[in-house]
Amino acid sequence: MNKFLNLFLKGIFVGIANIIPGVSGGTIAVVLRIFDQMIDAINNFFKNPKKHINFLIPLFLGSIVGILIFSKIIEVSLAKQSLPTSMFFVGLVVGSIPLIFRHAKSKPVKPIYYLASLISFSIVVIISFMKEPTSTSTDIVVTIPWLIKIFVYCMIASAAMVVPGISGSFVMVLLGVYNVILTSISKLIPTMIDGFKMMSTNSFFEGVKYIVTSNVFITLLVGGLGIVFGVILISKLIAFLLEKAFSITYFSILGLIFGSIFSIFKDPMTYSSYSGNIPIFSIILSVVTAIVGFIIAFKLGGEE
């Protein structure tokens, strides 16, 4: 039971990280010392199913709880004070850099590794200029093309949920679907509550139908399937790269991290709370939240 609770709590932190743009669930897994075991459990699941189930179930449940509880908080924070919220994310990202850099230099370093960082940084910068502004719409209209888009984009983002240094939610920001997914998550619990009320007052099957046919549930179901498929597909590649090209892989991750900082500053979502000039209070608060985020990530990294 103690082991279950320990993994459950760690899963909550991984889940929270995966809904914050720029913050990597993989990085948090490294900091919490569960990354290697997580990759092993995904890659070698059928070699020892009982062992890996005992590890993955509490981690998965904790991640779901973290996502459901904190999605509404993040959504409201971005709506009310987008710059201080985004600067907290930037602080977390910057604070995680020393940890990633230590991993990158844990083996002999060659000059070409720095070139890999520059290339990966340039890729993120180019994408940030090419992408459409992050949608602020909360309307979800389910169509076949929409579901295909959500499945594919979540599958792509799932790679970032495994790799230390790359944020899955940041990838969703780049792809322009972050707000839609965040809104869907925050609306899921109210939708389920309404469905449960229908089960108790009307018909059980009507309540179930209300939940499973809602746009929110369908969107998250398809997105969740995309994430599961993507994690299974990409985990073997990640394991191979970290085994065969450890240092250059981590130097590439560093480039992605620096690119993510640039993209957060450039994204209109960072300034979406303000119709004109940014108030002095928000600027001061942004400095404070950035420092707090940095200290949290730096301290976590220092405990490794």
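The values are calculated or read from the model by the stated rules, or taken from the named source; none is laboratory data. What you are looking at is a predicted structure, and each value in this text was computed from that prediction instead of being measured. As a convention, Cβ positions derive from the backbone with ideal geometry for all residues, glycine included, and neighbour counts pool all protein chains shown.
Only one of Val141, Val222 is among the hydrophobic types (A, V, I, L, M, F, W, C) and modelled with pLDDT under 90; which? Lay out the reasoning, then the answer.
Working: Val222 fails: modelled with pLDDT under 90.
When all the criteria are applied, what remains is Val141.
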Item to check | Conditions (1) farther than 15 Å from Met161 by Cβ; (2) in contact with a helix residue (DSSP H, G or I) (Cβ under 9 Å, 6 or more places away or on another chain); number of the one not met by Ala239 | outcome: (1)
Next on the checklist: Which condition from (1) crowded, with 19+ Cβ neighbours inside 10 Å; (2) over 30 Å from Pro268 (Cβ atoms); (3) without any contact (Cβ under 8 Å) to a residue 60 or more places away in the chain is the one that Asn44 breaks?
Outcome noted: (1)
Item to check | Selection from region 173-187 of residues that are in contact (Cβ under 8 Å) with a residue 60 or more places away in the chain and of a type outside the set (Val, Ile, Thr) | outcome: Leu174, Tyr178, Asn179, Leu182, Ser186
Item to check | Condition met for Asn54 (more than 16 Å from the chain's Cα centre (by Cα) and more than 23 Å from Cys154 (Cα to Cα)) | outcome: yes
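Kindly evaluate Val93 against the criterion of being over 22 Å from Val14 (Cα atoms), under 17 Å from the mean Cα position of the chain (by Cα) and surrounded by 16 or more Cβ atoms within 10 Å (Cβ to Cβ). Can you show your working first?
Working: over 22 Å from Val14 (Cα atoms): no; under 17 Å from the mean Cα position of the chain (by Cα): yes; surrounded by 16 or more Cβ atoms within 10 Å (Cβ to Cβ): yes.
No: the conditions fail for Val93.
Of all residues in region 188-224, count the ones that are of a type in the set (Gly, Ala, Ser) and touching a residue at least 60 places away in the same chain (Cβ under 8 Å). Quick ask: steps written out before the conclusion?
Taking region 188-224 as the starting set, the residues that turn out to be of a type in the set (Gly, Ala, Ser) are 195, 200, 203, 207, 214, 223-224.
When the remaining residues are screened for being touching a residue at least 60 places away in the same chain (Cβ under 8 Å), the result is 223-224.
Final tally of qualifying residues: 2.
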Item to check | Unmet criterion (only one of (1) of a type in the set (Ser, Thr, Tyr); (2) under 18 Å from Val162 (Cα atoms); (3) at pLDDT below 85) for Ser63 | outcome: (3)
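Do we find that Pro49 is in contact with a Gly (Cβ under 9 Å, 6 or more places away or on another chain), closer than 30 Å to Ala245 by Cα, surrounded by fewer than 19 Cβ atoms within 10 Å (Cβ to Cβ) and of a type outside the set (Lys, Arg) in this structure?
Judged against the criteria, Pro49 is not a match.
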Next on the checklist: Of the conditions (1) farther than 10 Å from Leu254 by Cβ; (2) in contact with a helix residue (DSSP H, G or I) (Cβ under 8 Å, 6 or more places away or on another chain), Tyr113 satisfies every one except a single condition; which number is it?
Outcome noted: (1)
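Every residue, every condition in (1) surrounded by 17 or more Cβ atoms within 10 Å (Cβ to Cβ); (2) closer than 22 Å to Ala17 by Cβ; (3) at pLDDT 90 or above; (4) of a type in the set (Gly, Ala, Ser), yes or no:
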position: Lys244; (1), (2), (3), (4): no, no, no, no
position: Ile248; (1), (2), (3), (4): yes, no, no, no
position: Phe262; (1), (2), (3), (4): no, yes, no, no
position: Pro268; (1), (2), (3), (4): no, no, no, no
position: Gly276; (1), (2), (3), (4): no, no, no, yes
position: Pro279; (1), (2), (3), (4): no, no, yes, no
position: Gly293; (1), (2), (3), (4): yes, yes, no, yes
Item to check | Tally, over region 24-51, of residues that are within 16 Å of the chain's Cα centre (by Cα) and over 25 Å from Pro98 (Cβ atoms) | outcome: 0
Checklist entry - Tell me, which residue of region 166-185 that is at pLDDT below 80 and small (Gly, Ala, Ser) is farthest from Leu92 (Cα to Cα)? => result Gly176
Item to check | Test set (1) free of Cβ contacts under 8 Å to residues at least 12 places away in the same chain; (2) within 23 Å of Glu75 (Cβ to Cβ) - Asp267 fails condition number | outcome: (1)
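Residue check: is Ser252 in contact with a Lys or Arg (Cβ under 8 Å, 6 or more places away or on another chain) and more than 19 Å from Ile16 (Cα to Cα)?
Values: in contact with a Lys or Arg (Cβ under 8 Å, 6 or more places away or on another chain): no; more than 19 Å from Ile16 (Cα to Cα): yes.
Spelling it out, it is not the case that Ser252 is in contact with a Lys or Arg (Cβ under 8 Å, 6 or more places away or on another chain) and more than 19 Å from Ile16 (Cα to Cα).
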Next on the checklist: Kindly evaluate Ser272 against the criterion of being buried (at least 16 other Cβ atoms within 10 Å of the Cβ), among the small types (Gly, Ala, Ser) and closer than 17 Å to Gly91 by Cβ.
Outcome noted: no
Next on the checklist: Go through region 153-207 and report how many residues are of a type outside the set (A, V, I, L, M, F, W, C), part of a helix (DSSP H, G or I) and either over 30 Å from Phe240 (Cα atoms) or over 14 Å from the mean Cα position of the chain (by Cα) (or both).
Outcome noted: 14
